[in-house]
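Just below is one structure, and these are the notes that go with it.
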Amino acid sequence: MQSFPVRARAASCVMAMAALASAQPTPLKLLAQAHGIDIGVAVTFPAASGRAAYDSVVTRNFTGIVAENDHKWGSISSNPGVYTWTNSDRMVDFAQQHNLKLRFHAFVWHQQSSYIANGHQSGVAQPTDPNKYTRAEAFTHMRNHIGAVMQRYKTRNGGQMHVISEWDVVNEAAARDSGMFDTANVYKGLRLSTGNAVHLDSGLSRWTGYTQGETNDFDYIDSAFAIAHRNDTAARLAYNDYDAEGMGKKSNDVYSLMAKLKSRNIPVHVLGMQSHWYIGPSNTGSSGAWDPQQIAENMNRLAALGLDISITELDIRMQNPVDSAKLQQQRQAYETALGLCLAQPRCKSFYVWGVRDGQSWINSRYPGYGSPLLFSGTGTTYTPKPAYYGLISVLETTASVRRQPGAARQAPSLNYRATGPVRDLLGRRVHAAPDRPLFKAQKPAERSQAK
């Protein structure tokens, strides 16, 4: 199925041909800054022998970075109260050294969360599992982990600099199948635990299981945002998900969740659209299909809720083998994606999920598909693809729109104070998240770490 429209772009094609002949194309970040938009990339640092070339591509072209894995729960903490900061600090230091914005990804997720994911059997919190955390234990782990990380990174330079531009507080809480088997919408399309009468093909959530989420209105979600806000009242807090970019069952569920959070004045400021898409035919199911008109409509309704919008993990895969026609289709797809963001005043971040094709997660996740990113090459070679020049042409030829400032801010009129009890979406006090944290914040000494 053709998943994006072909843009009329005769002028941009001429520009791209000229750019292809240039050894030093216009840096993307300079053009993006003129539009008041951040253009960023997911980073996994290579071995020392390849760092110089890698760093040069990142710092020349992007205004921001996000850690592909180094800030996930399991990468920072392997056991309760035990933190390994080396790789995480390296990411923060790199951003500061090169004046890059930094998205944090992610706190509450059902995967790559170390003891949260592994403290039970069979991949889900079974009611009879002796290793299963209690509700109180789960909230204690959440509170302590969010607190430890945010207290370490929320400011540097004597409190004068906000290090993290956005925090992914909750990631992928909506069901993979959008709750399609929950016809009565009992579970609101959110990821389930177990013991439910509905079909369980939804990517079961550890957090739902530990906190009895279905019977407690999935209050781990609003509690996570409340805890994050309490640790840094100026932080920009994001909910991030995939396959919810257009209009449909899952995006409706995500929209309803966001509307519910906003109606309770829970401090959520940003909706992250992952945007793992494909061009041409696909055997990967619904994941990756997209419709630009629907995405624009969805952005409009999210913006009307008062949410900013971030494209957080964009990659556009194609079926192997790659040829020139597919590369041009991919270019048009990237142009369309950026055009959608530029046209929506509340879309302020546009992040690509990786630097070079050979390093992408797509290669192992979707056999037979690949080449999803802006650069190709091997070793220390990073060759810009047509999609890269497509983004340049869009930035050069699209009129700027007025964007509201994206500076960190406190959500107005919160229903709770920064001190005092945390309350869930039903207005109940969350006793498992007491007023004071139990961790001792580990504030790093001010320093500049070498690459």
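Let me confirm something: among T211, T215, which residue is free of Cβ contacts under 8 Å to residues at least 12 places away in the same chain and within 25 Å of E137 (Cβ to Cβ)?
Selected residue: T215, the only one of T211, T215 that is free of Cβ contacts under 8 Å to residues at least 12 places away in the same chain and within 25 Å of E137 (Cβ to Cβ).
When only residues in the stretch 371-386 that are outside any loop (DSSP other than H, G, I, E, B) and more than 16 Å from A42 (Cβ to Cβ) count, which is most open to solvent (accessible area, probe 1.4 Å)?
T383
Between M247, M273, which is without any contact (Cβ under 8 Å) to a residue 40 or more places away in the chain and either of a type outside the set (V, I, T) or within 17 Å of L192 (Cα to Cα) (or both)?
M273
May I ask you to list the residues in the stretch 306-327 that are buried (at least 17 other Cβ atoms within 10 Å of the Cβ) and polar (S, T, N, Q)?
S310, T312, Q319
So which residues in the stretch 120-156 are at pLDDT 90 or above and aromatic (F, W, Y), if there are any at all?
F139, Y153 - these are the residues of the stretch 120-156 that are at pLDDT 90 or above and aromatic (F, W, Y).
So in the stretch 269-301, with the set limited to residues that are under 16 Å from G339 (Cβ atoms) and among the charged types (D, E, K, R), which one is modelled with the lowest pLDDT?
D291
Which of the numbered conditions does W277 fail, given that it passes all the others? Conditions: (1) touching an Asp or Glu at 6+ places or on another chain (Cβ under 8 Å); (2) more than 18 Å from E166 (Cα to Cα); (3) surrounded by fewer than 23 Cβ atoms within 10 Å (Cβ to Cβ).
(3)
Of the residues that sit in the stretch 91-119 and are closer than 17 Å to G354 by Cβ and open to solvent by 10 Å² or more (accessible area, probe 1.4 Å), which one is modelled with the highest pLDDT?
The qualifying residue modelled with the highest pLDDT is L100.
Consider only pairs whose beta carbons are under 7 Å apart and that are at least six residues apart or on different chains; among these, list those whose first residue lies in the stretch 294-321 and is at positive phi and whose second residue is open to solvent by 40 Å² or more (accessible area, probe 1.4 Å) and not in a strand (DSSP E or B).
Pairs found: G306/K262.
Looking at Y389, Y351, which one is part of a helix (DSSP H, G or I) and modelled with pLDDT of 95 or more?
Y389
If only one of S364, S400 is part of a helix (DSSP H, G or I) and either within 23 Å of the chain's Cα centre (by Cα) or at pLDDT below 95 (or both), which one is it?
Going through S364, S400 in turn, the sole match is S364.
Quick one: count up the residues across the stretch 65-105 that are assigned to a strand (DSSP E or B), touching a helix residue (DSSP H, G or I) at 6+ places or on another chain (Cβ under 8 Å) and not aromatic (F, W, Y).
Selection size over the stretch 65-105: 5.
Give the residue that is surrounded by the fewest Cβ atoms within 10 Å (Cβ to Cβ), with candidates limited to residues of the stretch 228-262 that are in contact with a Gly (Cβ under 7 Å, 6 or more places away or on another chain) and over 22 Å from H276 (Cα atoms).
K262
The values are calculated or read from the model by the stated rules, or taken from the named source; none is laboratory data. Predicted, not measured: the structure shown is a model, and the values here were computed from it. Reconstructed Cβ throughout: ideal geometry from the backbone, glycine too, with neighbour counts over all protein chains shown. Just so you know, the surface numbers come from the protein's heavy atoms only, side chains and all, with ligands and any DNA or RNA stripped out. Shrake-Rupley method; radii C 1.70, N 1.55, O 1.52, S 1.80 Å.
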